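Each remark here refers to the structure printed beneath this line.
Taken together, the values in this text are just the output of simple stated rules run on the coordinates, not laboratory data. The shown structure was predicted, so the numbers you read here are calculated from the model rather than taken from an experiment. As a convention, Cβ positions derive from the backbone with ideal geometry for all residues, glycine included, and neighbour counts pool all protein chains shown.
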Amino acid sequence: MLAGYRVRFVSVMQLIQELQLAEMEYRLPRFLKSWNKYELVILDELGYVPLGEGGKLLFQFISGRYEQGSLIITSNLEFSRWVDVFGDPALTTALLERLTHHSHILLFDGDSYRFRQTLGGRGKEAPHEHVKNED
């Protein structure tokens, strides 16, 4: 807890694994409700791996937080490519409507911090036409 706020940071894949386990153990509603104690949830690394059936559970999670608590999602993908991750255009559209309503969208265009650090550690300057990071 920092400054009186309860915050949870979790990778998208870790959350999906937790959601799938809760669903298999028939405790999904209780698991989803347990996240209400956090004022802010930070979901990291959306878009690196297609979510398959886990996308539906993630949609359920995000829908449950909609207008209930703050959510930050990091991704290297623009919204138009999220359908590739979720695999369902209707679900992706519904999800993006919830995420973008009452939100602030921050786009970062430039050299990847990690890539720049890696090259910097080798005494080289980062090239200008390499990986773009939008998270």
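To the nearest 500 deg cm²/dmol, what mean residue ellipticity at 222 nm is calculated for the chain from DSSP H runs of n ≥ 4 alone, each contributing -39,500 (n - 2.57), summed and divided by the residues?
Roughly -12500 deg cm²/dmol at 222 nm, from the helical runs in the chain.
Check each of the GluC sites (Glu not before Pro) in the stretch 26-106 and keep only those in coil by DSSP with at most 14 other C-beta atoms within 10 angstrom; list them in order.
E39, E53, E67, E78
Stretched out fully, how many nm does the piece from N76 to Q117 gain, at 0.36 nm a residue minus the Cα gap?
Additional length available on full extension: 13.0 nm.
Give the percent of DSSP beta bridges with both residues in the chain that are antiparallel, rounded to the nearest 5.
Of those bridges, close to 15 percent are antiparallel.
With the crude spin-label approximation of a point 7 Å out along Cα→Cβ, what separation in nm comes out for L107 versus D88?
Distance between label points: 2.8 nm.
Percent of Cα-Cα pairs per 5 Å bin, from 0 to the last occupied bin, for the chain, please list those.
2, 9, 17, 20, 18, 13, 9, 6, 4, 1, 0
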